[in-house]
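Reading through the structure tokens given below for one structure.
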Amino acid sequence: QVQLAESGGGLVQAGGSLRLSCAASGGAFSNYFVGWLRQAPGKEREFVAGINRRGNSIYYGDFVKGRFTISRDNAKNTMYLQMDKLKPEDTAVYYCAASRALGTVTSERYFDYWGQGTQVSVSS
């Protein structure tokens, strides 16, 4: 069973950048499809980005529009989310998650393991 821990959240001005990291332990990180999801106050959790086991297939939520980049380093058991051109509407708790599913996962219901979340706040 894999454990996930996010880091890198914080407060940034609109137009700025943040890099989130997700460190995995307790399992073979390369065996999982992994992704980022976020939840803003009063809203449902939504898919941000996902990446397959080998890191050669990547998926983004429609709202990302070229602003975010997901990557993974299986040797370091770590996943990243580079977020550029941040907007106030990007304010949310960001979660990393891992799935045992063999295919692509974009729905929270199919992620099996979750981190505790990291707060990202973007001021206008």
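The values are calculated or read from the model by the stated rules, or taken from the named source; none is laboratory data. Note that the coordinates shown come from a computational prediction; the quantities given were computed from them, not determined experimentally. For neighbour counting, all protein chains shown are included, and Cβ atoms are generated from backbone atoms with ideal geometry for every residue, glycine included. Ligands, DNA and RNA are excluded from the accessible area calculation, which covers all protein heavy atoms including side chains. Shrake-Rupley method; radii C 1.70, N 1.55, O 1.52, S 1.80 Å.
Summarise the long-distance tail of P(r) for region 6-47 by giving the % of C-alpha pairs beyond 14 Å.
Result: 66 percent of Cα pairs exceed 14 Å.
To make sure I understand the rule: partners must be lysines, Cα under 29 Å from the Cα of residue 87, and not fewer than 8 residues away in the same chain. Which ones qualify?
43, 65
Need one number for region 76-124: average projected area of the convex hull over its C-alpha atoms, nm². Don't skip to the end; give the middle numbers.
On the way: hull surface 18.4 nm².
Hull-based average projected area comes out at 4.6 nm².
On full extension of the chain, what length is gained from residue 112 through residue 25, given 0.36 nm per residue of separation minus the C-alpha to C-alpha distance?
Length difference between fully extended and current span is 29.9 nm.
What FRET efficiency comes out for the pair residue 82/residue 5, r = Cβ-Cβ distance, R0 = 22 Å, nearest 0.05?
The value I calculate is 0.75.
Normalised by the number of residues in the chain, what is the relative contact order in percent for Cα pairs under 8 Å and 6+ residues apart?
After rounding, I find 35 percent.
So how much slack lies between residue 104 and residue 13, counting 0.36 nm per residue of separation and subtracting their Cα-Cα distance, in nm?
Extra length available between residue 104 and residue 13 comes to 29.5 nm.
Label residue 69 and residue 44 with points 7 Å out from Cα along Cα→Cβ: what is the distance between them in nm?
Output for this residue pair reads 3.2 nm.
Out of region 24-124, which chymotrypsin sites (Phe, Trp or Tyr not before Pro) are coil in DSSP terms and have no more than 15 other C-beta atoms within 10 Å?
63
Pop out the carbon and sulfur fraction of the accessible area of the chain as a percent, whole number, probe 1.4 Å.
On the way: 2880 of 6380 Å².
For the chain, the apolar C and S fraction of the accessible surface comes to 45 percent.
Of all DSSP beta bridges located in the chain, what percent are antiparallel, nearest 5? Mind dumping the intermediate values first?
On the way: 37 of 41 bridges.
Taking every DSSP beta bridge with both residues in the chain, the antiparallel ones total about 90 percent.
What's the local net charge at residue 61, with K and R +1, D and E -1, over the other residues with C-beta under 14 Å away?
Around residue 61, the surrounding residues sum to 0.
For region 54-124, which trypsin sites (Lys or Arg not before Pro) are in a loop by DSSP, counting at most 14 other Cβ atoms within 10 Å?
Working: sites: 54, 65, 67, 72, 76, 85, 100, 109; in loops: 54, 65, 67, 85, 100.
Here the sparse-neighbourhood loop sites are 54, 65, 85, 100.
Could you provide, to the nearest whole Å², the per residue accessible area of region 1-119 with probe 1.4 Å?
Accessible area per residue: 52 Å².
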